[in-house]
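Trainee: Okay, handing you the structure first.
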Amino acid sequence: MPVAEAIRSMQVLLLYPRFPPTFWSFDTALELIGRRVLLPPLGLITVAALLPSHWQLRLIDTNIREPGPDDWAWADLVIASAMLVQKSHLAELISTAGDHCVPVAVGGPFPTSTPEAPELAGADFLILDEGELTIPRFLAALQRGERCGCFRSDGVRPDLTSSPVPRFDLLDHDAYAMLSVQFSRGCPFQCEFCDIIVLYGRTPRTKTPAQLLAELNVLWRLGWRRDLFLVDDNFIGNKRNVRRLLPELLAWQQRHGFPFRFVTEASVDLAADPELMDLMAACGFRRVFLGIETPDQASLTAAAKHQNTRTSLADAVATITDHGLEVMAGFILGFDHEEPGAGDRIVTFVEQTGIPLAMVGILQALPNTALWHRLQREGRLLAGVAGGEGFDEGVQTHILNFRPTRSIEAIAVEFLEAFQRLYDPCTFLQRAHRTCRRLAAARRPGGSGRLRPRLLPGLLTLFWRRGLRDDTRSLFWPALLDLMRRQPAVVEDFLWMLMVQEHLQAYGALSRRQITAQLALAAAPRTTAAAG
């Protein structure tokens, strides 16, 4: 009898810790559309699908609600998954489970990258690496009656053709703006600062097209008709298998009346493949996130981001946009030997290319990345890094956790100034309008301009703020009317961008408060020493 069938029935509480406010939390924008959270815990519902089918499962995303006394009393076991930015609340959940005498198993990127972190000290089981391999080992230990343990895959990566359909039925669909699916894990590149290749390797592994379509069928039957985020860290990392997927995905979308629109992440070499971009656009891909990082070639080379040095980054953004895919992008300040004015150069690049959503962050040395190991050898990591400290509030708003080659204060000031300039309401509105006009020219003609119901709750608020109350009113109405005339199908894109900007204004103010406080704290010991 298989181990999973031999284990007695258990009542398992699946917990997902809270996220602090980040660039991507979109808190204010989600309030405008009546949603609570941007994305669900895909890893946790994949783990749920790997557990014995006769177990009773209750999933609580604490970004929606906290577990109550009845939940703790019901549970025989807690399984939690967390990223680095969720570590503080994960520690609270572990402690509360202990107070209720419920054993806890934890996994996900944070425990996998830093299993020695103090926040994990109260956990009974560590289920590390990828669950397709380590969940069976955990279940076997339970069958043997073990009450604690650490389960690793010892460097082996699972074949994703064995990965089950996630338990989408456990989610509160009404709470999420998008749901998530995954086609691949891993990335072929070797960026020094990136932890994806540490967690998932440099050989992109994929599911079969049939597997992904099976997941879409489940979502269809559950009634989901909104956007899907393909969470692959580089969707085109395995181009051969992506080319096998897209024709079948297109046929599925056509049969079902295109119920889904897709968002994903890709490397900039997507711009060199017109056929692939055309296929993605035809399938319903609307947005793609690019890790541009910096327009400074020397910094890209030093960070081993060589794929971004082989072509003009501005041309790549223009090409992808001209194929009907809205580009979102990430930028980083704080690379070694970065020249002053890096923040200004990022702003200039974003304005030149018209990227609406440009995430600017300050470099962090993530545990066990190549950057982390190099800085450790050089004696430049600051105290607490080995334990994973410094990530509670989201890496975008934390000053560096290592000694950079120029002053931390200068980098922080450039970050704050760049963010303020990029998300000034008038500047952002004009940039969003330019991009939508370009997208309108690239996308197929048609579209009634009818907005999806998810946007309607926030429109009155948006019209009041942007169209009547604020200084943007002289820009808002001409831009909106222009898009309605040129291509009604992009009006929704434009309005969603403006809703996101509402969040980014609030996030910018939070960033300023947090970074100012951190700079003051960092300067305090030096001030005391000088006074002495």
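Laboratory data are not the source of any read-out in this text; all were calculated from the coordinates shown. As the structure is a computational prediction, the values presented were derived from the model and not from experiment. Note that each Cβ is placed from the backbone with ideal geometry, even for glycine, and that neighbours are counted across all protein chains shown.
Trainee: Could you calculate the contour length gain from Asp154 to Ser88, that is, 0.36 nm times the residue separation minus the distance between their Cα atoms, to one decimal place in nm? Could the numbers behind the result be given before it?
Mentor: On the way: separation 66, 0.36 × 66 = 23.76 nm, distance 2.73 nm.
My answer for the length gained is 21.0 nm.
Trainee: List the pair-distance distribution P(r) of segment 3-151, using every Cα-Cα distance, as the percent of pairs falling in each 5 Å bin from 0 up to the bin containing the longest distance, rounded to whole percents.
Mentor: P(r) for segment 3-151, in whole percents per bin: 2, 9, 20, 23, 20, 14, 7, 3, 1, 0, 0.
Trainee: A further question follows. Under 5 Å between amide hydrogens, which residues at least 5 positions from Val181 or on another chain qualify, with H placed 1.01 Å from N in the peptide plane?
Mentor: Phe229, Leu230, Val231
Trainee: Which residue, chosen from Cys187, Leu439, Gln297, occupies the Cα position most advanced towards the positive end of the dipole of the chain, where the dipole is computed from +1 (Lys, Arg) and -1 (Asp, Glu) charges on Cβ about the Cα centre?
Mentor: Of the options given, the answer is Leu439.
Trainee: Straight-line reach only, C-alpha to C-alpha below 27 angstrom: list the lysines that Lys239 could link to, leaving out same-chain residues fewer than 8 apart.
Mentor: By straight Cα distance, Lys239 reaches Lys207, Lys305.
Trainee: Antiparallel versus total DSSP beta bridges in segment 210-344: what percent is that, nearest 5? Working shown, then result.
Mentor: Working: 0 of 13 bridges.
Around 0 percent antiparallel, to the nearest 5.
Trainee: Once you have the Kirkwood Rh of segment 287-335 from its Cα pairs, apply Stokes-Einstein at 25 °C and 0.890 mPa s and quote D in µm²/s.
Mentor: 218 µm²/s
Trainee: Which distance in nm do the two modelled labels at Leu382 and Gln420 give, with both placed 7 Å along the Cα-to-Cβ direction?
Mentor: Each label point is offset 7 Å from its Cα along the Cβ direction, giving 2.2 nm.
Trainee: A further question on this structure: R0 = 45 Å: FRET efficiency of Met484 with Ala73, Cβ-based, nearest 0.05?
Mentor: Numbers: r = 55 Å, r/R0 = 1.22.
According to the calculation, E is roughly 0.25.
Trainee: Given the Cα-Cα distance of Asn217 and Gln254 and 0.36 nm per residue of separation, how much length would full extension add, in nm?
Mentor: Value of the extension gain: 12.0 nm.
Trainee: Continuing with the same structure: How much net charge surrounds Arg421 when only the other residues with a Cβ under 10 Å from the Cβ of Arg421 are counted, with Lys and Arg +1 and Asp and Glu -1?
Mentor: -4
Trainee: In what sequence do His89, His256 fall when counting other Cβ within 10 Å, fewest first? Please list the in-between numbers first.
Mentor: Working: His89 22, His256 13.
Ranking His89, His256 by Cβ neighbours within 10 Å, fewest first, gives His256, His89.
Trainee: Give me the net charge of Glu326's neighbourhood, meaning all other residues with Cβ under 9 Å from the Cβ of Glu326; Lys, Arg count +1, Asp, Glu -1. Before the final figure, lay out each step's value.
Mentor: Working: positive: Arg286, Arg287; negative: Asp493.
With Lys, Arg at +1 and Asp, Glu at -1, the neighbours total +1.
Trainee: How large is the translational diffusion coefficient of the chain in µm² per second when you combine the Kirkwood radius over alpha carbon pairs with Stokes-Einstein at 37 °C and 0.692 mPa s? Walk me through the intermediate numbers first.
Mentor: Values: Rh = 24.4 Å.
It diffuses with D of about 134 µm²/s by this estimate.
Trainee: To make sure I understand, if each residue's beta carbon is the centre and we count other beta carbons within 10 Å, what order do Ile94, Ile197 fall in, fewest to most?
Mentor: Ile197, Ile94
Trainee: Tally Lys/Arg at +1 and Asp/Glu at -1 over every other residue whose Cβ is under 11 Å from the Cβ of Val102; what's the total?
Mentor: -4
Trainee: About the Cα centre of the chain, what is the dipole size in debye to 20, counting +1 per Lys and Arg Cβ and -1 per Asp and Glu Cβ, all else neutral?
Mentor: On the way: 55 positive and 58 negative charges, 287 e Å.
About 1380 debye.
Trainee: May I ask you to order 68-74, 508-514 by the average number of other C-beta atoms within 10 Å around their residues, highest value first?
Mentor: Working: 68-74: 12.1, 508-514: 16.9.
Highest to lowest by the protection proxy: 508-514, 68-74.
Trainee: Mind giving me the nanometre distance, one decimal, between the label points for Glu116 and Arg406, set 7 Å out from Cα along Cα→Cβ?
Mentor: So the two model labels end up 3.4 nm from each other.
Trainee: Next question, about the same structure. Taking a point 7 angstrom from the Cα of Thr309 along the C-beta vector, which residues in segment 337-371 have backbone N less than 15 Å away?
Mentor: It comes to 337-339, nothing else.
Trainee: Counting DSSP beta bridges in the chain, what percent are antiparallel, to the nearest 5? Walk me through the intermediate numbers first.
Mentor: Numbers: 3 of 45 bridges.
So the antiparallel bridges amount to about 5 percent of the total.
Trainee: Sort 354-363, 408-417 for me by packing, meaning the mean count of neighbouring Cβ atoms within 10 Å per residue, highest on top.
Mentor: Top of the packing list down: 354-363, 408-417.
Trainee: Lys/Arg Cβ at +1, Asp/Glu Cβ at -1, dipole of the chain taken about the Cα centre: which of Ile127, Pro52, Leu382 is farthest positive-ward?
Mentor: Pro52
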